[in-house]
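Here the structure is laid out as structure tokens; the discussion comes afterwards.
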Amino acid sequence: MDPRHEVALDQVLELTVLLAEDMAGSLGRDGLTPARAHLLWVLRERGPSTQVVLADALRVSARNVTGLVDALEAADLVARRPHPTDRRATLVGLTEQGGTITARMAHDKALLAAGLFGGLGTEQVQTFSDTLAGVLDRLKVMVADAADTSREPT
């Protein structure tokens, strides 16, 4: 086993911890959890969506999305409204306050990206991005394989 691999993994793990701490602090000022912020971000990117679409996008159960939407609706960050073409469905969309918060989230993301990568050259950023994409692809396969293995009957 190459010891450089473990050093690289330790660096990635430290990066995830630091990013999680930074995210928790910035989300906390708006009373958000990472799950609630993720739902808001999906709405910012996709626009008003059904809870089924949101559950799929967040990779959680419909019941979980209901709880997230309930909490965000109570905070006046999202609103439910009837679907224009499907009377059985309800759309969830950002309120004005939700739009303001997600705009601030986008601004904070841009500032963080500039802070992390602004001092690097174009080639360095591209190499880092390409390398990380490859690592993420391998990790996704490993996670999917582990999930498939855990579902196999014994």
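Could you tell me how many degrees, from 0 to 90 and to the nearest 10, lie between the Cα long axis of helix 34-46 and the main elongation axis, the longest principal axis, of the Cα atoms of the chain?
Helix 34-46 sits roughly 70 degrees off the main axis of the chain.
With +1 on each Lys and Arg Cβ and -1 on each Asp and Glu Cβ, how big is the dipole of the chain about its Cα centre, in debye rounded to the nearest 20?
Here the chain has a charge dipole of around 800 debye.
Could you pull out the longest piece of the chain with no exposed loop trypsin sites (Lys or Arg not before Pro) in it, calling a site exposed if DSSP puts it outside H, G, I, E, B and it has at most 13 other Cβ atoms within 10 Å?
Answer - 89-154.
Modelling each spin label as a point 7 Å along the Cα-to-Cβ direction, I'd like the Arg63/Glu21 distance in nm, to one decimal.
Going from the Arg63 label point to the Glu21 one covers 3.6 nm.
Expressed in nm to one decimal, what extension gain is obtained for the pair Leu120 and Ala133 from 0.36 nm per residue of sequence separation less their Cα-Cα distance?
Gain on extension, Leu120 to Ala133, equals 2.9 nm.
At 1.306 mPa s and 10 °C, plugging the Kirkwood radius over alpha-carbon pairs of region 3-146 into Stokes-Einstein gives what diffusion coefficient in µm²/s?
The estimated diffusion coefficient comes to 91 µm²/s.
Given labels modelled 7 Å from the Cα in the Cβ direction, how far is it in nm from Ala147 to Ala89?
My value for the distance between the label points is 2.3 nm.
If one takes the longest principal axis of the Cα atoms in the chain, at what angle in degrees, from 0 to 90 and to the nearest 10, does the Cα axis of helix 96-117 lie?
10 degrees
How tilted is helix 3-28 with respect to the longest principal axis of the chain? Cα atoms for both, answer in degrees (0 to 90, nearest 10).
30 degrees
Going by how many other beta carbons lie within 10 Å of each one, how would you line up Thr16, Thr33, fewest first?
Thr16, Thr33
Alpha carbon centre of region 1-64 versus region 115-154: separation in Å?
15 Å
Using the basic label-point model (7 angstrom from Cα toward the beta carbon), what is the His5 to Thr100 distance in nanometres?
Modelled inter-label distance: 5.1 nm.
To the nearest 0.05, how large is the calculated FRET efficiency for Leu13 and Lys140 if R₀ is 22 Å and r is the Cβ-Cβ distance?
Result of the calculation: an efficiency of 0.80.
FYI, it's all coordinate maths here, none of it is from the lab. Everything numeric here is computed off the predicted structure, so don't read it as measured data. So basically every Cβ, Gly included, is an ideal-geometry build from the backbone, and we count neighbours across all protein chains shown.
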